[in-house]
Each structure stands twice: as structure tokens, then as C-alpha cells.
Amino acid sequence: MNTAAFDWIALAEYSAIGLLSGGLLALIALGFVLIYKGTGVINFAMGEFMMLGAYFFYTANVLWGLPMWLALALTLAAVAAVAALIERALLRPLSGQPVISVLMATIGLASALHGGVEALWSGRNYEMPTLLSRKPFTPGEILIPGQVVWSFVLAAVVIVAFTLYFRFSKTGIAMRAAASDPITAYVLGIDVRRTQALTWMFAGMVGAVAGIVVASMTSLSPALGGAALGVLAVIILGGLDSIAGAIVAGLVVGLVESLTAGYLGGKVRDIVPYAIVLVILLIRPYGLFGTRQIERL
Amino acid sequence: MRIGDFRASYQHDEALWPTRVQRTWLALLALALAAFPFGANGYLVGLACLVGIHCIAAAGLNIMTGYTGLISLGHAAFMGVGCYTAAWFAQRGWPFFLTLPLAGLMAAAIGLVVGLPSLRIKGLYLAVATLATQFLLVYVFREWDSVTGGVRGVNVPNASVLGFDLSNDHRMYYLIVPVAALMLVGARNLFRTRVGRAFIAIRDKDISAEVLGIDLLRYKLAAFALGSFYAGVAGALLGYFYRAMTPEYFTLQLSIFYLAAIIVGGLGSMLGTILGAIFMTLVPELLRGFVALIAEWAPGATEVLSPVQQVVFGLLIMGFLVFEPHGLLEIWRRVRRLFHLWPFRA
Amino acid sequence: MNPPTPLHAPLLQADGVHLGFGGIKALAGVSLSARAGEITAIIGPNGAGKTSLFNTISGFYRPQQGRIAFEGRDITRTGPAPRAAMGLARTFQNVALFRGMSVLDNIKLGGHTRLAANPLTALWYLGPARREEMALRREIEREVIDFLEIDHVRHQPVASLSYGLQKRVELARALAMRPKVLMLDEPVAGMNREETEDMARFILDIQEERGITVLLIEHDMGLVMDISNHVVVLNFGEVIGEGTPAEVRHNPEVVRAYLGEKAAAGAAPVPA
């Protein structure tokens with residue numbers, strides 16, 4: 001083999017896999033952006049929503065033997081209920097408080113949820129049922145694992161569905177209004193409290209779906225909770241309040257992670273998102289699409 | 001009941017412990033602290049050492065987060081920096097009165113490097129940046145074998161000065177407690193000067209602070225560096241105390257632990273720091289004791305100790321933020337007010 | 001160090017300031033000067049650009065065109081913090097006190113630029129840090145707390161004070177800066193008659209006894225007409241009239257802006 005020739009195939013493969021896995025990252029980022037746009041908070045417990053989704057689904061589908069669609073429906077309902085409860089019991093009492101208080105509250109929430117899941121289900125690795133076909137795709141000479149492709153498709157479908165919902169449905173528009181200017185929305189008759197609860201429920205469900213998919217692709221363990229922290233790089237790159245930014249940034253970060261894993265090894269890959277965060281904050285803090293905040297003096 | 005509390009000079013008015021009663025209590029406390037190791041068993045002395053270390057670390061975090069409003073999720077990583085720095089120098093025979101400040105300075109230096117880009121922008125971004133730093137530093141701790149011993153960790157020789165070894169907890173106590181006391185008083189002093197006031201101003205209304213001539217970036221960096229310095233010293237003392245350290249100690253969970261400590265104790269107060277440190281040191285011990293107690297009836301309990309601890313930390317943070325945002329300090333103040341006004345009611 | 005500005009020479013000057021945000025034009029070529037030792041009032045309907053002008057002078061906004069000069073020096077490019085050291089102080093429309101601190105600590109922050117403590121000397125406190133703190137305390141008690149009659153609340157947390165007292169504390173903090181120019185943004189907003197008269201007395205004393213130049217935004221016409229030496233009227237980001245209070249009151253442009261076309265036609269003056 002001619003070692004001097006550049007391995008284009010490997011590059012193409014890493015790139016394709018990277019871009020496609022970025023779809024999932026974008027989906028998780030969507031959950032973050034929803035809550036940030038809706039309530040101005042970064043939800044550090046996003047990874048724990050993913051955990052809840054995955055563990056609930058496992059319990060329903062594997063432990064209780066329910067059919068997949070029923071398990072999924074129950075999981076989504078359960079996670080939505082938990083999210084609504086959190087919004088009511090934790091976020092609403094803190095609504096007048098400075099941002100750092102709410103931030104710290106979500107950090108505490110993450111800790112409590114993480115510990116709770118691990119305590120109830122133990123820290124063992126469980127094997128999730130295969131939800132996405134593993135059959136690889138082989139366009140040309142490159143090999144792309146089937147799960148990567150299908151996760152991208154799934155993520156794309158969910159993201160598109162949400163975007164359409166927000167743009168065109170009455171509730172979606174109400175949510176956007178409440179996010180943009182809660183007082184005016186209230187005056188116009190929009191139930192701001194309900195839309196905030198809805199925002200959390202949607203974010204929870206998005207996280208749950210992402211969690212189920214990620215767990216089925218890797219394995220079910222408490223480490224799932226930490227996965228979302230890497231997605232913070234995506235939302236910082238994309239801009240905290242931009243869904244379009246989250247999508248683009250998801251693809252970019254997925255690409256960078258894949259290339260790093262391919263050329264520098266798995267261990268480095270783990271810290272790539274954090275390195276990206278610091279680099280972005282250095283050169284372009286508001287991200288690609290984020291709105292620069294102008295304060296009213 | 002507090003009566004006859006007159007202040008005849010501005011200096012008296014601004015003293016930390018203006019009344020005679022306060023000064024008497026302080027003297028008694030000093031005596032009690034000095035005599036403690038002679039009356040207590042080894043376990044309690046060890047616990048007291050940990051409380052002292054937690055006080056220093058929590059004080060640093062309170063300076064950054066409680067007083068200046070800069071959220072840091074990477075405090076544990078900075079402790080790690082201090083620990084490894086001290087270990088490196090201690091292995092080469094340096095005495096503790098040099099390694100401790102060096103540990104602090106190294107942590108402060110890293111803090112400046114991290115702070116420089118992150119402090120120009122709003123608080124949310126800083127939280128994420130410090131989180132990223134936490135993970136990156138732990139990665140460095142694991143991979144930089146030659147300096148940190150990698151995953152196996154590092155052995156820390158006894159803290160020593162001029163051949164005198166602090167080889168047991170009893171002796172370490174007499175290093176840790178004075179250092180903690182000094183650093184806590186130092187931190188409190190900050191807020192009697194323009195430096196500390198500037199920190200609080202930045203937290204409360206940074207626009208107003210600018211208009212008063214405060215250079216925001218400079219002071220935020222100072223707060224961040226000071227807080228990291230404290231973390232570094234605490235980390236170094238931790239290394240000396242345990243005599244060995246691995247990267248697995250300085251995790252995100254530890255950063256959250258200190259966040260819980262200052263929220264529970266009271267943000268923006270040194271007394272709150274102490275209360276929070278004591279409380280948070282006791283919580284894992286109580287949990288452990290509780291689990292040992294019920295081990296007969298619930299044999300699986302010990303496995304869930306670690307996650308249950310996480311649940312408890314999380315609940316404490318959320319609970320105090322919602323119900324008692326000023327922390328244990330507020331409860332302490334209420335009790336004091338009761339005594340100041342007794343026999344009259346508040 | 002600049003020689004002291006002779007009385008009535010422009011101490012603070014804005015020339016042709018244009019300021020816009022996105023599509024909104026806040027200031028469209030505003031020029032004014034605050035003459036040394038005088039009280040200059042800026043009036044105009046809501047949204048006229050008065051606070052935007054203040055914010056530009058403070059250094060929070062950089063104008064797209066125009067310049068701001070202080071004691072003859074161009075400060076258009078300097079940030080807000082250095083302007084404080086030059087002698088520019090201001091209060092805010094919504095009281096911008098630091099709620100986590102007592103009245104005394106808030107006022108002491110006014111002296112920030114004149115102190116020298118750094119983290120090292122602050123940690124130790126004894127020695128230079130303590131000396132300067134005591135000196136500052138004496139100075140503030142003498143010059144500001146006594147003057148504004150707030151000695152009875154000096155140790156109280158500012159959040160527990162009435163609105164009127166809070167505004168006074170904010171004024172105290174600005175005075176502690178020993179400024180050359182004091183910018184007051186609606187100092188008597190929300191005050192009753194008695195509080196307004198107190199504030200008016202304080203402002204006049206500040207001008208007469210300390211020779212501080214005052215620039216003031218206000219809606220209370222009575223106050224403006226009574227104490228100002230010079231009045232500038234803004235509307236839609238432009239200066240539509242200026243002069244002595246009496247001149248401005250009868251200026252038809254000003255009347256039109258405040259009372260409408262009919263009043264302007266009837267040449268009714270703006271009521272005080």
C-alpha cells in the first residue's frame with residue numbers, strides 16, 4: 001500500500017459519520033435552545049432528561065415487556081410530567097431571582113436526578129434493544145454504520161416537526177411570543193405560565209427521545225447524563241437562542257469530533273467539545289447565529 | 001440582650017468584632033480550637049481537618065460566586081492544580097510554607113488564563129467555560145503522567161519544615177486550622193476595602209459599577225484569580241492530608257459539592273462559608289453512618305451511598321435556593337436577633 | 001492636569017452626536033454644552049433621546065458620528081470607567097444602588113477611584129488599606145452624609161429604604177466621587193412636593209457651595225424652571241430649542257412638542 005498517498009476514503013468516512021452524528025447533537029441542542037429561548041435559562045439537567053427517557057423506556061419495554069410504541073408513549077408522557085413538575089416546583093418559585101440562582105438550581109437538579117436514577121436502577125450497564133437498523137450503508141467505498149444514518153434521519157424529522165410546530169401552530173406561536181416578551185404576551189391573553197410549562201415538557205420529550213436513541217446506540221448507564229454537557233459546545237457555537245444555529249453547530253461539532261476520533265484517538269475525542277467551547281468563547285462568544293445582547297440601561 | 005453598644009470612633013464602628021461579648025466568644029473559640037485535638041479521638045480530628053480544608057475552598061468559591069456573581073463549575077479542577085503543584089515541589093523537598101503559596105499561585109495563574117476570555121461576557125457563558133475547564137483539566141491530570149502520575153495518582157510526602165514532619169492528623173490540624181483562620185479573615189478583610197466592595201458592585205449592578213470607575217474585567221479577573229488561589233491552597237492541603245491523590249478526586253461532583261456548601265451556608269458571607277463547610281462535611285458522614293445503621297435490614301444500601309449523596313446534594317441546593325436563599329446564615333442571624341432582643345420579642 | 005475651567009466656559013460638550021440602534025435613530029445630531037458652574041437642564045417628551053444622550057456621555061454607547069469632550073479633551077472613545085476618574089458622575093433613572101450593601105458601603109464606592117488598595121493590601125487590611133478606609137469614612141461622613149441628612153440610615157441595607165431616601169443615597173454616592181460634572185437622570189421622579197423641594201435645595205447647594213457643574217434630565221417643569229441656568233429641549237433626537245428657562249418656555253417649537261399644534265398657535269407658554 002502506498003503510505004504516501006492521502007487516505008481520502010478515511011477522510012470521507014469520518015466526515016460523513018461526523019456530519020450524520022451531528023444530527024443527534026443538534027437534537028439535544030434543540031432541547032437546550034428551547035428552554036433558553038423560553039425561559040432564559042441554561043438547563044444543566046438536560047443530560048438527566050436524556051437519562052430519564054432512556055431508563056423509562058428500558059423499564060417499560062424490556063422490564064415490563066410492553067411493545068415499543070406503547071413504551072415510547074409512556075416514556076414521553078412520564079418525562080413530560082417530570083418536566084412539568086420541575087417547572088412548577090423549582091423554576092416558578094425562582095422566577096424573580098437572578099439568573100445565577102436559577103442556573104445553580106438546574107445544577108442541583110441535575111445532581112439530584114443523576115443520583116436518583118443511579119440509585120434506583122444501579123450503575124450497571126444495561127443493553128437497550130436495537131431500535132435503529134444496524135445495517136451499514138456503503139455509498140462508494142466508505143462504510144457508514146446504519147444507526148448513524150437513521151439517528152440523523154430521526155433527528156432531522158423531529159427537528160423539522162418542531163420547527164414547523166413553532167412556526168405555524170397556535171401554541172407554538174404563543175410560546176414564541178411568551179419567550180420573546182412575557183409581559184406583552186400576558187397582556188394579549190397568552191397564558192405565559194402554561195407556555196413555560198409546555199416549553200419544559202417539550203424540551204424534556206426531545207431529551208428523552210435523544211436519550212433513547214443514544215442509549216440504544218451505545219449502552220444504558222448513568223454516564224448518559226454527561227453526554228449532554230458536551231452538547232453545550234454546540235449551543236455555544238450556534239448561539240444560545242438560535243435553533244438554526246443549533247442545527248449548523250451540531251453538524252460542525254459532530255464533524256470535528258469524528259475527525260478527532262479518527263485521527264487522534266478516542267480519548268482526545270471526549271474533550272474536543274470542551275476545547276471547542278473555550279476556543280469559541282475566545283474568538284466569537286455569541287456564536288455563529290446568536291443575538292448579541294444589548295442591555296437596556 | 002445587647003445594650004450599651006456604643007461606637008465612639010469610626011475605627012470601632014468598622015471593626016469585625018466590635019462588642020466585648022463578641023470578642024470574648026472569639027477568644028473562647030480560639031481556645032476551644034487549640035485544645036480540640038487533645039480531647040477528641042482521631043476520627044474527629046481528621047474530620048476537623050477536612051472541615052478546615054473545605055472552609056478554605058468554599059471561601060474561594062464564595063469570593064468568586066457569592067460576592068462577585070461569577071459562577072464556577074471548575075473549582076475542583078483548580079484544587080487539583082494546587083494539589084499536584086504542591087506534590088511536585090514537596091517530592092523535591094520543598095517545605096510547606098513555600099509549596100502552599102506556590103500551589104495557590106499556580107491555580108490562580110490557570111484561573112487567569114481561563115478567565116481572560118470568559119469574563120468579558122455574561123455569567124451563563126462563564127459557567128459553561130468553567131465546566132469545559134473542569135473536564136479539560138481532569139483530562140490533563142489523567143494524561144500528563146510525568147507530572148501528575150496519571151491515573152495511578154501521586155504520592156504526597158508529609159508536609160514538612162526544617163525536618164519536622166507533619167506525619168499525622170493531629171499535627172496536620174495545627175497547620176490546617178491556622179491557615180484556614182488566616183485565609184478566612186483575609187477574605188473577610190477584602191470586603192472592608194474598595195476591592196471587595198467592587199466585587200459586590202459587579203455582582204449587583206455592573207453598569208453602575210462601571211460608572212463609578214470600576215474596571216470590570218480587571219476586577220472580575222482579580223476575583224477569579226483570588227478564588228482560584230484559595231482553591232489551590234485547599235487542594236495542596238488536601239494532598240498533604242491524604243498523602244496521596246488521584247485525578248478521580250477532583251471531579252465535577254466535587255465542584256458541585258462546594259457550590260452546595262456556599263448556597264447552603266450563605267452566599268456572600270464568610271460566616272456562611274464556615275457554616276456551609278461544616279454542614280456539608282457532616283452530610284456525607286451522617287449518610288455513611290445512617291447506611292451503616294440500616295445495613296442489617298437493607299444490605300444493598302452501601303452501593304447506593306454515592307448516588308444517594310448526589311441526590312442529597314442536589315436536593316440541598318434546590319431546597320435552599322427555593323426556601324432559604326440566604327442559607328444557614330439567615331437562620332443563624334434569626335437566632336442571634338432573638339438573643340439580642342431577649343427578653344423582648346423580635 | 002488641565003487648568004480649572006473658568007466659570008461659564010463649556011466643561012462638557014457634545015457636538016453633532018448621532019446615535020442609532022438598528023433601525024432606530026435615538027440621537028440625530030445633538031449638540032449641547034454644560035457650562036462650568038451652571039445647572040443645565042435637558043427636557044423633552046418621553047423617547048426624545050435624553051437618557052440615550054446621558055448614556056453616550058457616560059460612555060456606554062459610542063455615537064456613530066459626533067464627539068464628546070470633557071474639559072476640552074475628546075472622550076468619545078474612552079470607556080465608562082476612565083470617565084469616572086476624570087470627574088464625571090451620574091445617577092440613573094431607576095435607582096441603581098447595590099442592593100447587597102448598606103448605605104455606607106454604597107457611598108464608599110463613590111470614592112473607589114480615589115483609593116489605592118489592591119487585593120494584597122486588602123487581604124491584610126492593617127496598614128495602608130485601613131488608613132485609607134478611615135480617611136474615606138471621615139470624608140464621607142463630613143462631606144456627604146451630614147450634608148444629605150442620611151446619617152440615621154447609614155448602616156441600613158439600601159433595599160429597606162424608602163424610594164426618596166434611595167434616590168438621596170444615590171446622589172450621595174455620586175457626590176462621594178468629588179465630581180466636576182454631576183449628571184442627574186430624573187432626580188425627583190416619583191417624589192412628592194416636600195421631597196422635591198429638599199432635592200432642589202440639595203442640588204442648589206451642590207452648585208453653589210461646591211462649584212459642581214450639574215446636568216439634569218427632568219420632567220418636573222417647576223423644578224427645571226426654578227433652578228436651571230440653561231435649558232436644552234430635545235424631541236425625536238434633535239435639539240429643538242435652548243436658552244434660559246423663560247426663553248424656552250415661550251419657544252413655539254417647544255410648546256408644540258409638549259402641548260400640540262393648537263397651543264403653539266395660541267402661543268400659550270409651557271406651564272410650570
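What the table shows:
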| quantity | calculated |
| --- | --- |
| Test for residue B:257: is it among the hydrophobic types (A, V, I, L, M, F, W, C) and either crowded, with 24+ Cβ neighbours inside 10 Å or closer than 18 Å to residue B:78 by Cβ (or both) | yes |
| Positions within the range B:193-222 being in a loop (DSSP other than H, G, I, E, B), touching a Ser or Thr at 6+ places or on another chain (Cβ under 9 Å) and among the charged types (D, E, K, R), in sequence order | none |
| Residue satisfying condition, being on the phi < 0 side of the Ramachandran plot and at pLDDT below 90, within set A:108, A:53, A:38, A:115 | A:38 |
| Helices (runs of 4 or more DSSP H) contained in the range A:206-297 and holding at least 2 residues under 30 Å from residue A:69 (Cα atoms) | A:224-238, A:243-264 |
| Verdict on residue A:172 being under 19 Å from residue A:193 (Cβ atoms) and more than 14 Å from chain B (Cβ to nearest Cβ) | yes |
| Some residue of the range C:81-99 being surrounded by fewer than 16 Cβ atoms within 10 Å (Cβ to Cβ), free of Cβ contacts under 8 Å to residues at least 12 places away in the same chain and more than 14 Å from chain B (Cβ to nearest Cβ) | no |
| Complete set of residues in the range B:291-324 that are in a loop (DSSP other than H, G, I, E, B), in contact with a helix residue (DSSP H, G or I) (Cβ under 7 Å, 6 or more places away or on another chain) and either surrounded by 14 or more Cβ atoms within 10 Å (Cβ to Cβ) or aromatic (Phe, Trp, Tyr) (or both) | B:324 |
| Count of residues meeting criterion [more than 7 Å from every other protein chain (Cβ to nearest Cβ) and within 17 Å of residue C:141 (Cα to Cα)] in the range C:100-122 | 7 |
| Within the range B:191-206, tally of residues that are at the interface with chain C (Cβ under 7 Å from one of its Cβ atoms), of a type in the set (A, V, I, L, M) and within 17 Å of residue B:122 (Cβ to Cβ) | 1 |
| Any pair with Cβ under 6 angstrom, 6 or more apart, that starts in the range C:175-197 at a residue that is at positive phi and ends at one that is in a strand (DSSP E or B) | C:186/C:217 |
| Failed item, numbered, when residue C:141 is tested on (1) within 30 Å of residue C:241 (Cβ to Cβ); (2) free of Cβ contacts under 8 Å to residues at least 60 places away in the same chain; (3) at the interface with chain B (Cβ under 8 Å from one of its Cβ atoms); (4) not hydrophobic (A, V, I, L, M, F, W, C) | (1) |
| Restricting the range B:159-190 to residues that are of a type in the set (A, V, I, L, M), surrounded by fewer than 18 Cβ atoms within 10 Å (Cβ to Cβ) and more than 20 Å from the chain's Cα centre (by Cα), the residue that is nearest to the other protein chains (Cβ to nearest Cβ) | B:161 |
| Output for the range B:112-129, where each listed residue is free of Cβ contacts under 8 Å to residues at least 24 places away in the same chain and assigned to a loop (DSSP other than H, G, I, E, B) | B:121, B:122 |
| Sole residue being in a helix (DSSP H, G or I), over 29 Å from residue A:108 (Cβ atoms) and modelled with pLDDT of 90 or more, chosen from B:109, B:132 | B:109 |
| Failed item, numbered, when residue A:135 is tested on (1) charged (D, E, K, R); (2) more than 24 Å from residue B:254 (Cα to Cα); (3) outside any loop (DSSP other than H, G, I, E, B) | (3) |
| Residue within the range B:95-117 that is at the interface with chain A (Cβ under 7 Å from one of its Cβ atoms), under 28 Å from residue B:207 (Cα atoms) and not polar (S, T, N, Q) present | yes |
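The values are calculated or read from the model by the stated rules, or taken from the named source; none is laboratory data. A quick note: this is a predicted structure, and the numbers were derived from the prediction, not measured. Here Cβ is always computed from backbone atoms with ideal geometry, including for glycine, and neighbour counts include all displayed protein chains.
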